[in-house]
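The block underneath contains the structure these notes are about, expressed in structure tokens.
The values are calculated or read from the model by the stated rules, or taken from the named source; none is laboratory data. Source: prediction; values computed, not measured. Cβ atoms come from the backbone with ideal geometry, glycine included; neighbour counts cover every protein chain shown.
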């Protein structure tokens, strides 16, 4: 069977599976629709959470990022996993005890304030919409490359599939499809990694292979990689560059942001009780860690493969560089997509790939007769997708990677869409503007909101605003600076009151937004920024993506001070906080 | 919150609930200290020093930044689960 047939077969059968699950798990009540009935097994919920969390960015982009940044990509690895420790220890058990359907609902009740609830809804919707655009785009790209259909057609097919199981089944349908999608994506991610690790280091476990020796030599793989990249003027792979405070703050912002993302938090409302919510967070991180500890191996090995392919011989010798006409098949395939591009600057018919921004290396390059880096485009995202081809793996493995990328994008999109639709039908309609609607009407409203959110997400996925690539920073910034501190203070402080929470959230939110706007411009439009987005202009050297943690600090400080200056929360609110601190009596999540 | 409260925790009064909450905060504080040390400490602030120490084919600082801290995070959560279940029973605030 050829690769294309394999792809149709594998992707087609996974889609049939998702639709089958959708038909089997229809939602009959708002409880089904918002929290899957509240009796999902904690291990199963952990798996669903892992799929919910790991997006097209985790599956496709992260290993590529690691490949090119080396150590400097560590904040993404630590930040996107360490957030689960915060979630498990500080939020998930208590929010499960509270036992309602949405994140804004907790904020609204704990701070006895409709304003607080609406601010939370605003943050939730902005964060989730920006996030879902990227997922829809990922679906379109994966379809475009693997099924050779138009980008728009790809997005439409993705929308149709999500529509089917998310609108019919709500959280219930989403939960069971996410479990299936996790299995598909983790299998797709690890199988090529195992092959490649075995080829390069003789150790089939990628996590161990990364710390092993190269096959047939006594040099450690990472030492060899450091040597290969520095010989061509690139920075050492295993060592940091750039300001330490920025690395620190970026990691912290990603952790706090992760713990504050509503579509992740609501997954913990689906388990039967508090002890299960704690356990489920642990399992979620296990399932996430399988991919996140494999990614550094995939990244490092992909980088080594790429360098070796282009520079098979000694640096400086004429025959050390690959002759362009002899480039391998995968190179040609990806050139067609424009994600890989070569330009023969010195006209020698060979490819020179080196760091031409490195002044210290420039003299050497000149002596070799090199006139600039000739790999003019190397898109980071191709690393995971091209990996099976680079390692010469069979067609079914490539098909698996296609299905895995789609599973990652679809599962995250569905989780985000549910967070958006429940905020609209439960917080805005039932909770604020039309409290008299019946449960059946609310369920219908939830389905309509879901359908509308899918259409909006699909439209934005097809016509991404220019800033689409940048906005994930915005999602994490909002979650970190507004939602996480409000939730944490709601649980850990008896004293923080309505005025404190609202002022804190608004202060955290505006300071973070202003900082991002200052360096990236209004709505990310080039030219409207106030300062150049480079390290020397950043406050204390902190990049805009890393400012969420500062915003969170501002939120905490403002909320504490304002609460001290105003009256303590009423007795029944303090009793509510005392109540969510003990597990007994969690019972079922309820909307009433 | 229409659910019934655990009888014993309530009859023990505020003291039981407060002692439970204090024990909980101590545990969480200790675990977050470990969480901070392995990631921000070993993985970021001390990475240059630790990178001089080899661990198999890894440099130790790099290992913590890209592998080790994640393993510790997983262990921390399961340790927390186990200790909290014990605390819940000890203070009689467990479910069922």
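Only residues in segment B:56-72 that are within 13 Å of residue A:73 (Cα to Cα) and within 7 Å of another protein chain (Cβ to nearest Cβ) count as the first member; pair them with residues that are assigned to a loop (DSSP other than H, G, I, E, B) and at pLDDT below 95, Cβ under 7 angstrom, at least 6 apart or cross-chain, and list the lot.
That search, which allows pairs on different chains as well, returns B:62/A:238; B:62/B:51.
Restricting the search to segment A:282-328, which residues are more than 21 Å from residue A:384 (Cα to Cα) and in contact with a strand residue (DSSP E or B) (Cβ under 8 Å, 6 or more places away or on another chain)?
Selection gives A:318, A:321, A:322, A:323, A:324.
Taking interchain pairs and intrachain pairs at least six residues apart, which have beta carbon atoms under 7 angstrom, with the first residue in segment B:75-96 and more than 7 Å from chain A (Cβ to nearest Cβ) and the second modelled with pLDDT under 95 and not in a helix (DSSP H, G or I)?
That search, which allows pairs on different chains as well, returns B:92/B:6.
Out of (1) in contact with a strand residue (DSSP E or B) (Cβ under 7 Å, 6 or more places away or on another chain); (2) crowded, with 22+ Cβ neighbours inside 10 Å; (3) at pLDDT below 95, what's the single condition that is false for residue B:63?
(3)
How many residues are farther than 30 Å from residue B:88 by Cα and either buried (at least 23 other Cβ atoms within 10 Å of the Cβ) or at the interface with chain A (Cβ under 7 Å from one of its Cβ atoms) (or both) when one looks only at segment B:23-54?
6
Residues that are outside any helix (DSSP H, G or I), at pLDDT below 95 and within 11 Å of another protein chain (Cβ to nearest Cβ): does segment A:561-577 have at least one?
No - not one qualifying residue is present in segment A:561-577.
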